[in-house]
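> Have a look at the structure that comes next, please.
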Amino acid sequence: MSRFVKDIIIRDLKKRLNGVQNALMLNVIGMDVNTSNRLRKDLVSRGINILVVKNSMAQKATAGTPLEALFADLPDRSCAVCWGASDIVALAKEIVRISKDKAFDKLEIRGGVLDGEAFTADGVVDISKWPTREEQISILLGQIVGVGSKLSSQLLAAGANLARQIKQLADKEEEQEEAPATEESAA
């Protein structure tokens with residue numbers, strides 16, 4: 001392949017991976033075409049992009065980016081890079097789920113990169129056990145609402161107690177006013 005063609009491919013890779021902060025690396029070598037197409041279709045339906053690249057070109061395309069650590073010290077062969085989903089945790093969950101599927105037995109998780117730090121295939125499995133962004137937001141909102149609800153009930157409880165005591169005093173005064181009136185009518 002000529003230097004000119006390699007430069008075009010590297011520029012295209014830079015453009016495709018522009019803005020990607022987190023990604024996973026997979027090995028899809030040995031997968032037949034039909035299985036590969038099913039895998040791509042499944043991933044695309046979940047908002048996940050996959051791209052098979054030559055490591056040496058990917059190293060040049062990602063130099064100076066957060067993905068640089070993903071391609072460091074790799075042999076000069078091809079790999080599949082996937083990114084997307086709502087966050088790296090959702091991506092890891094989907095990839096781990098797919099890798100357990102018997103239809104994709106040739107799929108091998110190699111590792112990934114999170115905030116510029118590379119991690120291994122075991123790290124991908126560990127990350128897949130974390131709560132996703134949506135789950136974290138719901139946990140946080142639950143904690144905020146819980147505190148607000150508790151504060152609201154405590155504020156309202158004091159007012160309710162005061163109102164109940166005032167009502168008891170008013171009822172007591174009414175009883176005392178009715179009691180002399182009842183005694184006078186009886187006499």
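The values are calculated or read from the model by the stated rules, or taken from the named source; none is laboratory data. In this text the structure is predicted, and so the values were computed from the model without any measurement. FYI the Cβ positions are ideal-geometry reconstructions off the backbone, even for glycines, and counts take in every protein chain you see. All accessible areas refer to the heavy atoms of the entire protein, side chains included, with ligands and DNA or RNA removed. Shrake-Rupley method; radii C 1.70, N 1.55, O 1.52, S 1.80 Å.
> At q = 0.14 Å⁻¹, work out log10 I(q)/I(0) for the stretch 119-165 with the Debye formula, treating every Cα as an identical point scatterer and leaving solvent out; two decimals please.
Values, matching the q order: -0.56.
> Return the single residue from K60, K129, K167 with maximal mean-square fluctuation; model: Gaussian network over the chain, springs between Cα atoms under 10 Å.
K167
> I've got another one for you. Suppose R0 equals 45 Å. What FRET efficiency, 1/(1 + (r/R0)^6) with r the Cβ-Cβ distance, do S45 and L151 give to the nearest 0.05?
Working: r = 44 Å, r/R0 = 0.97.
Calculated value: 0.55.
> Can you compute the helix-only [θ] at 222 nm over the chain? Use -39500 (n - 2.57) per DSSP H run of at least 4 residues, normalise by all residues, nearest 500 deg cm²/dmol. Write out the running numbers ahead of the final one.
Details: 6 runs with 108 residues, N = 187.
Rounded to the nearest 500, the figure is -19500 deg cm²/dmol.
> Have a look at C79, G146, Q168 and report the one farthest towards the positive end of the charge dipole of the chain, computed about the Cα centre with Cβ charges (Lys/Arg +1, Asp/Glu -1).
C79
> Can you tell me which of 98-106, 145-153 comes out highest on packing, and rank the rest after it, using the mean Cβ neighbours within 10 Å? Present the calculation step by step, with values, prior to reporting the outcome.
On the way: 98-106: 13.4, 145-153: 10.0.
Ranking, from highest mean packing down: 98-106, 145-153.
> Among Q136, Q154, Q59, which one moves the most in a GNM of the chain with springs linking Cα atoms closer than 10 Å?
Q154
> Still on this structure: For the chain, what mean projected area does the convex hull of the alpha carbons give, in nm²?
Computing the convex hull of the Cα atoms and averaging its projections yields 18.9 nm².
> Taking the dipole about the Cα centre of the chain, with the C-beta of Lys and Arg at +1 and of Asp and Glu at -1, give me whichever of G112, A158, N34 is farthest to the positive side.
Result: N34.
> Give the residue list of trypsin sites (Lys or Arg not before Pro) in the stretch 64-98 that are DSSP loop and have at most 11 other beta-carbon atoms within 10 angstrom. Could the numbers behind the result be given before it?
On the way: sites: R77, K93, R97; in loops: R77.
Within the stretch 64-98, the qualifying trypsin sites (Lys or Arg not before Pro) (loop, at most 11 other Cβ atoms within 10 Å) are R77.
> Taking R0 as 35 Å, what FRET efficiency do you get between S138 and D105 from their Cβ-Cβ distance, rounded to the nearest 0.05? Mind showing how you got there, number by number?
Details: r = 35 Å, r/R0 = 0.99.
Calculated value: 0.50.
> Follow-up. Mind putting a number on the dipole of the chain about its Cα centre? Charges go on the C-beta only, +1 for Lys and Arg and -1 for Asp and Glu, and I need it in Debye to the nearest 20.
Numbers: 25 positive and 26 negative charges, 475 e Å.
Taking the Cα centre of the chain as origin, the dipole is about 2280 debye.
> Follow-up. Name the shape class, rounded, prolate or oblate, that the alpha-carbon gyration tensor gives for the stretch 1-44, where a ≥ b ≥ c are the square roots of its eigenvalues, rounded holds for a/c under 1.5, and otherwise prolate holds if a/b is larger than b/c and oblate otherwise.
Details: a/c = 2.57, a/b = 1.46, b/c = 1.76.
Cα axes put the stretch 1-44 in the oblate bin.
> Another one. With the other protein chains left in place, how much accessible area per residue, in square angstrom, belongs to the stretch 64-166 at a 1.4 angstrom probe?
Details: 6330 Å² over 103 residues.
Here the per-residue accessible area is 61 Å².
> Now a separate question. Could you size up the charge dipole of the stretch 38-111 around its Cα centre, putting +1 on the beta carbon of Lys and Arg and -1 on that of Asp and Glu, and report it in debye to the nearest 20? Can you show the working numbers first?
Values: 13 positive and 9 negative charges, 69 e Å.
Dipole of the stretch 38-111, to the nearest 20 debye: 340 debye.
> Under a plain spin-label model, where a point goes 7 Å from the Cα along Cα-to-Cβ, how far apart in nm are A158 and R97?
If labels sit at A158 and R97, their model points lie 4.8 nm apart.
> Among the listed pairs K6/K41; K150/K172; K41/K129, give every one whose C-alpha distance is greater than 31 Å. Walk me through the intermediate numbers first.
Working: K6/K41 28 Å; K150/K172 33 Å; K41/K129 24 Å.
As for pairs spanning more than 31 Å Cα to Cα, those are K150/K172.
> Moving to a separate point now. How far apart, in nm, are two points set 7 Å out from the Cα along the Cα-to-Cβ line at A72 and at F4?
Placing both labels 7 Å along Cα→Cβ, they lie 3.6 nm apart.
> Shifting gears a bit: For the stretch 82-162, just run the numbers: alpha carbon Rg, then divide by 2.2 N^0.38 Å, N being how many residues it has. Write out the running numbers ahead of the final one.
Working: Rg = 20.6 Å, N = 81, 2.2 N^0.38 = 11.7 Å.
Taking the Cα Rg and dividing by 2.2 N^0.38 Å, one obtains 1.76.
> May I pose another question? Using a 1.4 angstrom probe on heavy atoms only, work out the carbon and sulfur share of the accessible area of the chain in %. Mind showing how you got there, number by number?
Numbers: 6640 of 12150 Å².
Reported share for carbon and sulfur atoms: 55 percent.
> When only C-alpha pairs under 8 Å and at least 6 residues apart count, what is the relative contact order of the stretch 91-187, in percent? Don't jump to the answer; show the numbers that get you there.
Working: 37 pairs, mean separation 17.4, N = 97.
Averaging sequence separation for qualifying contacts and normalising by length gives 18 percent for the stretch 91-187.
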